[in-house]
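Right, one structure below, let's go through it.
The values are calculated or read from the model by the stated rules, or taken from the named source; none is laboratory data. This one's a predicted model, so the numbers in the text were calculated from it and none came from an experiment. Quick reminder, even Gly has a Cβ in these numbers, built from the backbone with ideal geometry, and neighbours come from all protein chains shown. Side chains included, ligands, DNA and RNA excluded: accessible areas come from the protein's heavy atoms. Shrake-Rupley method; radii C 1.70, N 1.55, O 1.52, S 1.80 Å.
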Amino acid sequence: MKGPGNLFTILNRELAGYFNSAIAYIFMIIFALLNGGLFMTQFFLMGRVDMKVLFYTLPFLLSVFLPAVSMRLWSEEKRGNTQELLLTFPMQPHDLVLGKFLASFLFYLAALVSTFPIPVMLAVLGRPDLGSILGGYLGAAFMGGFFLAIGILISGFCRDQIVSLVLSMMACFGLFLVGTEYVAASLDGWVPGIGTFLRHFLGAGDHYAAFAKGVVDSRDVLYFVVGSAAALALNGFWIEGRMRPKATSVFTTAALICAAIFLASNWLVAGRPLGRFDLSEGR
């Protein structure tokens, strides 16, 4: 097996692991019910035909749901002693990492599709802003990919799925909160400027907020794409070199370099939008 065949082999294997399990369908049902329940509660109170309420609450659910999706990807391999067997196959570590990531991402997109009855209902009841809804779903997809990449990276360090779940939840939830205005203002009160810096260049909440309003900004897309790529690259680097001499120190150096690239890329494009598309009806 060479080339894309390796990637598709792992992709099919992991997708089968999701969809052949009853737990996966339970996850999807719970995800759909929670999103629908939270949205309908606010919908009846506010009486507005839009989905901003759903997109504003979605990151909190993703901080729990996506770590639960990704926690098994490497931890289960370690616990079942199949990780070393996988690495003896004629395939590159990046095939393994990308295959697992794409499988989890497709599963997440399937769960996201389960919320489509909401915009259909809104279209029947009134005239919703479809551009804003599209922007919100794009933001949900980008943030979901980023959180999954982080979850896969952490899963590669852990043998126990519960430990992977808790650490991934803390990482995803922390990254989102750092990007919110409230947390940034609190941090600025302690160390002037640090909260604003973290909000714009590290936190996910600030970059997701524009999508939730129907605005697709190239800077926000870059944030999620570079962040996801950095996490996946580190995962592949760790899986390939963890048994080599000084693996921990080498990986730490690689992690610092990736973090520097991530922050520098966001800093370089700050204030220099390469493209900005307002999909909302009122612009």
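Note: region 90-129, Cα convex hull, 58 Å³ per residue. Note that region 102-187, at 37 °C in a medium of 0.692 mPa s, gets a Stokes-Einstein diffusion coefficient of 216 µm²/s from its Kirkwood radius over C-alpha pairs. What's the local net charge at residue 69, with K and R +1, D and E -1, over the other residues with C-beta under 12 Å away? Overall, the nearby charge balance is +1. Calculated mean residue ellipticity, 222 nm, the chain: -26000 deg cm²/dmol, from DSSP H runs (n ≥ 4) at -39500 (n - 2.57) each, averaged per residue and rounded to 500.
Mind listing P(r) for region 24-154? All alpha-carbon pairs, 10 Å bins, whole percents. Pairs per bin, as whole percents: 11, 39, 27, 15, 7, 2. For region 126-283, with all protein chains in place and a probe radius of 1.4 Å, 72% of the accessible heavy-atom surface sits on carbon or sulfur. When you filter the trypsin sites (Lys or Arg not before Pro) in region 1-82 for DSSP loop state and at most 16 other Cβ atoms inside 10 Å of their Cβ, you are left with 2, 48. The base-10 log of I(q)/I(0) for region 181-239, evaluated at q = 0.15, 0.25, 0.26 Å⁻¹, reads -0.56, -0.94, -0.96 [Debye formula, identical scatterers on Cα atoms, solvent excluded].
Heavy-atom accessible surface of residue 9, to the nearest 10 Å², is about 60 Å², with a 1.4 Å probe and all protein chains retained. Label zone (residue 276, point 7 Å along Cα-to-C-beta; backbone nitrogen cut-off 16 Å) within region 192-209: 200, 206-209. Among 200, 94, the sequence by solvent-accessible area, most first, with a 1.4 Å probe is 94, 200.
Note on the chain: with charges restricted to the Cβ of Lys and Arg (+1) and Asp and Glu (-1), its dipole about the Cα centre is near 300 debye. Which one of 249, 104, 218 has the biggest mean-square fluctuation once the chain is modelled by GNM with Cα springs under 10 Å? Evaluated over the chain, the most mobile residue of the options is 249. Across every direction, the projection of the convex hull enclosing the Cα atoms of region 164-283 has a mean area of 9.4 nm². From the Kirkwood radius over Cα pairs of the chain, Stokes-Einstein at 4 °C and 1.567 mPa s returns a whole-number translational diffusion coefficient of 65 µm²/s.
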